[in-house]
Every structure is written in C-alpha cells, then in structure tokens.
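Have a look at the structure below before the remarks.
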Amino acid sequence: MNAAMYLIGALAVVAVLFFVLRRPVREYVRMRGDRVVTCPENEQIVAVQVDAGYAARTAVAGRERLRLESCTRWPEKAGCGQECLRQIEDQPEDCLVKTQVTRWYAGKACALCGRALGQLEWAEHKPALMNPDGVTVMWSDVKPETIYEVFDSHAPICWDCHIAETFRRTRPDLVIDNPHASG
C-alpha cells in the first residue's frame, strides 16, 4: 500500500509542477532569440534580445512582463526606456530574426544549383547566403540588425552549395572542376 501512496503522491507533484510551470516554460521558449525592431529614439533597425528568464518568472504570477537582456545600441544607450518592447509585445513572433529569414526564403531557389529551398532546417542544414562578391556565408555570420540590407544584397543558397563553395574557397588545392560539366 505504501508504494501506491508514493506513486499517487509523485503523480500529484508532477501534475502540480506541470500546471505551475507550463506557462513560464512556454513564455521562456516564446521570448528566446534575436529580434529586430525599430528603435523609437533614432528610427533605426536594432537587434535586441528579451530577457526570457525574466519573462518566464513574471509569467508564474500570471502577468508576463518583458525587459531587454541586450540591444545593439548598448552599452551607450543602456539606460533607455525600452519603448521598443511594445513592438515585441504587439508581434512577438514577427520580429524574430528566424521568422524574418524564413519568410525571405519562402518560395526561393538556390542561386547556384536552382533547387527549391523549401522548408528551412534550422537545426541541421541551416540556410546560407551568397554575398555580392560570390562568397557564401552562414546566417550566424550576419549581424541581426543588418538583415534587411542582407535581404537586398545577398542571394539565398542551399546548404549543399554552401558546403561545396566553402570547401572550394578554403581548399582549392583539393578541387578539380569537371570540364565536361554542363552549366
């Protein structure tokens, strides 16, 4: 009988923890990531990160509150009023860099091989770009606050072409081009 009571007690604790932690965990996950917003002070695009831990802790009480963890205008403007948070509160998903990049890739094909890019795989085969000089780069090498400039000046590249071009650039001594290849 004691084992059954311990099991019931453990299940009750798990149920209470699930009920109490569900909202803060969801808020933490929702508020993570780089975001791009327009700074109300100078009307320039800036990259910010929300303090996801703070958002999660305040969600426990049922009143999510946001504050910035970082901004590309800091430390010079670290004492700002963080008015940009209104943009995040109004559209938390839309200002995520990942959302903006995913939208930009939608319906596009690789600039090198022509293959449709389809659904982006952020975990394994991350999307890449080709700059105006023909050099491929990963999105992790792009400053978030410059994404709109990058959208205008770079071309989308599939993962395979990025890897091949990186190898070609970094190890040209090991590359032999097929003179009979079409294209």
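The values are calculated or read from the model by the stated rules, or taken from the named source; none is laboratory data. What you see is a predicted model, and the numbers here were worked out from it, not measured in a lab. Positions of Cβ are backbone-derived with ideal geometry, glycine not excepted, and every protein chain shown enters the neighbour counts. The accessibility values were calculated without ligands, DNA or RNA, using every heavy atom of the protein model including side chains. Shrake-Rupley method; radii C 1.70, N 1.55, O 1.52, S 1.80 Å.
Run the accessible area of the chain with a 1.4 Å probe and give the carbon-and-sulfur part as a rounded percent.
Carbon and sulfur atoms account for 55 percent of the accessible area of the chain.
Using the scaling law 2.2 N^0.38 Å as the reference, what is the normalised Cα Rg of the chain?
Normalised by 2.2 N^0.38 Å, the Cα Rg of the chain equals 1.43.
Once phi is turned into ³J(HN,Hα) by the Karplus curve 6.51 cos²θ - 1.76 cosθ + 1.60 with θ = phi - 60°, what whole-Hz value does each residue of the range 84-90 show in order, with x for glycine and proline?
5, 4, 4, 4, 6, 4, 6
How far apart, in nanometres, would the label points at Val14 and Ile163 be if each is projected 7 angstrom from Cα along the Cα-to-Cβ direction?
About 3.9 nm, to one decimal.
Using amide H atoms built 1.01 Å from N in the peptide plane, name the residues 5+ places from Glu69, or on other chains, whose amide H lies under 5 Å from its own.
Gln49, Val50, Asp51
Would you mind giving the three semi-axes, in whole Å and largest first, of the ellipsoid equivalent to the range 59-107 according to its Cα gyration tensor?
So the three semi-axes of the range 59-107 are 24, 18, 8 Å.
For helix 2-31, what angle does its Cα long axis make with the longest principal axis of the chain, in degrees from 0 to 90 and rounded to 10?
For 2-31 against the chain, the angle is about 50 degrees.
Quickly work out the Arg103-to-Gln119 label distance, labels modelled 7 Å from Cα along the C-beta direction, and quote it in nm with one decimal.
Result for the modelled spin labels: 2.1 nm.
Considering the Cα positions of the range 98-143, please state its Rg to one decimal place and its Dmax as a whole number of Å.
Cα-based Rg and Dmax for the range 98-143 come out at 10.5, 27 Å.
With a 1.4 Å probe and every protein chain left in place, work out the accessible area per residue of the range 92-183 in Å², rounded to a whole number.
That works out to 63 Å² for each residue.
Any chance you could run the full-extension gain for Glu83 through Arg23? It's 0.36 nm times the residue separation minus the Cα-Cα distance, nm to one decimal.
My answer for the length gained is 19.1 nm.
Would you kindly derive the ³J(HN,Hα) couplings of the range 52-69 from the backbone phi angles with the Karplus curve 6.51 cos²θ - 1.76 cosθ + 1.60 (θ = phi - 60°), listing them in order in whole Hz, with x for Gly and Pro?
With the stated coefficients, the range 52-69 comes to 5, x, 5, 4, 5, 5, 6, 5, 4, 7, x, 10, 5, 10, 10, 8, 7, 9 Hz.
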